[in-house]
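Quick notes on the structure that follows.
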Amino acid sequence: MALENPPGRPGARNRSLPSDPVFVMGKEPKRGLGVRNLPHLIYLEAFEAAARHLSFTKAAEELNCTQGAISQRVRALEQFFARPLFHRRSNGLELTEVGTAYLPGIAEALDRAEAATEGLLGAQAQTSVTVSAPLSFVTLWLARHLVGFSAAHPKIEVRLNSTIWTDPNVELADLSILALDPLQPAPGAVRLGRERLMLLCDPETGRQAGAKPGADWFNAARLIHVQGRMQLLDLWAKKENIVIAPHKAPIKADNAAAALEVAACAGGITAVMSTYAAAYLASGRLVAPFGAGEILPVALHVVPNQHRRLSRSATLFVQWLSGEIPLHGEI
């Protein structure tokens, strides 16, 4: 008989059962001294996956079984409690109050069981986390701090997918680093500090800046724009009531790392988020002649892949990252 959940399937725990247990559709197993009052593990796993996706179909794809099997297991679990865990809507599932209360404990219990199993397997269990992140974040921040995570978790392999604007292979990542509106974050997103608007330039241009921003100084310099969803150099000029009318043809880069390096090597002015500015300010290769700017309406977030369970390795990476960014991301 084929196993329902083949080992190594991405997004699903490495467990296999040839068939459902005898306890089905509300019939409880015989209980005696020392027998735990628990429904079967595969029912809990079906509930957790369905609750995470809010879809029986997606849960079935993850657990490598049929949609009908997921539905039956969840219904058996509901009969075990004699209370519904989901509202079945025409456009999908919605957790009931009971389901909402039950989910965190079950998810944590499954994570602990998985961690204990991996610990027992030792070297046989592959321990890695794949992170999709903007090229600028990887080169300007993560590369300089990743040694801290590796020192704390030397057995976790980190795989980095550097992106510019979008990642065509984002579905392969456990986590994504995205600049999002903190008031409208993605599901499960964890905010990483705050971001300020930083105007940076080479030291020589900085010495000519004066006490307050001026249009003549600004437009006389080489302007280096970072192309993207937010035009930060334009935003800075607007806040300072400066009309952009450059004397020299501007340079446009598709990422902040390139714009900062051009400013440092060739001279000029650019604007980036404070997390990206930190390394250049610390080295003295660029300066912020007017200090830290206003808080931006976006912030960096780490976002879990909603189509797979958050592994222990990914959870540890999120915990490390959220503890590090506030220390370095605010100027």
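The values are calculated or read from the model by the stated rules, or taken from the named source; none is laboratory data. As the structure is a computational prediction, the values presented were derived from the model and not from experiment. Virtual Cβ from ideal backbone geometry, glycine too; neighbours counted across all protein chains shown. When the accessible area is computed, the model is the full protein with side chains, heavy atoms only, and any ligands, DNA or RNA have been set aside. Shrake-Rupley method; radii C 1.70, N 1.55, O 1.52, S 1.80 Å.
Ranked highest first by the average count of other Cβ atoms within 10 Å around their residues, in what order do 268-274, 71-77, 51-57, 202-208 fall?
For the peptides 268-274, 71-77, 51-57, 202-208, the packing ranking is 268-274, 71-77, 51-57, 202-208.
With angles folded into 0 to 90 degrees, how steeply does helix 67-81 sit against the dominant principal axis of the chain? Use alpha carbons for both and round to 10.
The answer is roughly 70 degrees.
With charges only on Cβ, +1 for K and R and -1 for D and E, what is the dipole size of the stretch 200-304 about its Cα centre, in debye, rounded to 20?
80 debye
How high is the relative contact order of the stretch 239-331? Use alpha-carbon pairs under 8 Å, at least six apart in sequence, and give a whole percent.
With pairs under 8 Å counted, the relative contact order is 27 percent.
Can you work out ³J(HN,Hα) from phi for every residue in the stretch 222-235, in order, using Karplus 6.51 cos²θ - 1.76 cosθ + 1.60 and θ = phi - 60°, giving whole Hz and x for Gly and Pro?
Per residue, the Karplus-derived 3J(HN,Hα) values read 6, 8, 10, 8, 9, 6, x, 5, 10, 8, 5, 5, 5, 4 Hz.
May I have the count of lysine pairs in the chain with C-alpha atoms under 23 Å apart, counting pairs 8 or more residues apart or located on different chains?
7
Under 1.5 on a/c is rounded, so check that first for the stretch 172-261, then, if it is not, pick prolate when a/b is larger than b/c and oblate when it is not; a ≥ b ≥ c are the square roots of the alpha carbon gyration tensor eigenvalues.
Judged from the Cα gyration tensor, the stretch 172-261 comes out prolate (a/c at least 1.5, a/b above b/c).
Could you tell me which of rounded, prolate or oblate describes the stretch 219-293, using a ≥ b ≥ c as the square roots of the eigenvalues of the alpha-carbon gyration tensor, with rounded for a/c under 1.5 and, failing that, prolate when a/b is larger than b/c and oblate otherwise?
rounded
At most 16 other Cβ atoms within 10 Å and a DSSP loop assignment: could you name the chymotrypsin sites (Phe, Trp or Tyr not before Pro) in the stretch 135-214 that fit?
Within the stretch 135-214, the qualifying chymotrypsin sites (Phe, Trp or Tyr not before Pro) (loop, at most 16 other Cβ atoms within 10 Å) are W165.
If you average the sequence gap of Cα pairs under 8 Å that are 6 or more apart and divide by the length of the chain, what percent do you get for the contact order?
The normalised contact order for the chain reaches 20 percent.
Around H225, under 12 Å between beta carbons, what's the net of Lys plus Arg minus Asp minus Glu among the other residues?
0
Counting only other residues whose beta carbon sits under 14 Å from that of L142, what net charge do I get with K and R as +1, D and E as -1?
That sum, taken over residues with Cβ under 14 Å, equals +1.
Find the accessible area per residue for the stretch 133-225; the probe is 1.4 Å, ligands and nucleic acids are left out, and the unit is Å².
52 Å²
Using the alpha-carbon atoms, what tilt in degrees (0 to 90, nearest 10) does helix 143-152 show relative to the longest principal axis of the chain?
Helix 143-152 and the main axis of the chain meet at about 30 degrees.
Considering only L135, A220, H53, whose Cα is most displaced toward the positive end of the charge dipole of the chain, charges sitting on Cβ of Lys, Arg (+1) and Asp, Glu (-1)?
It is H53, whose Cα lies furthest towards the positive end.
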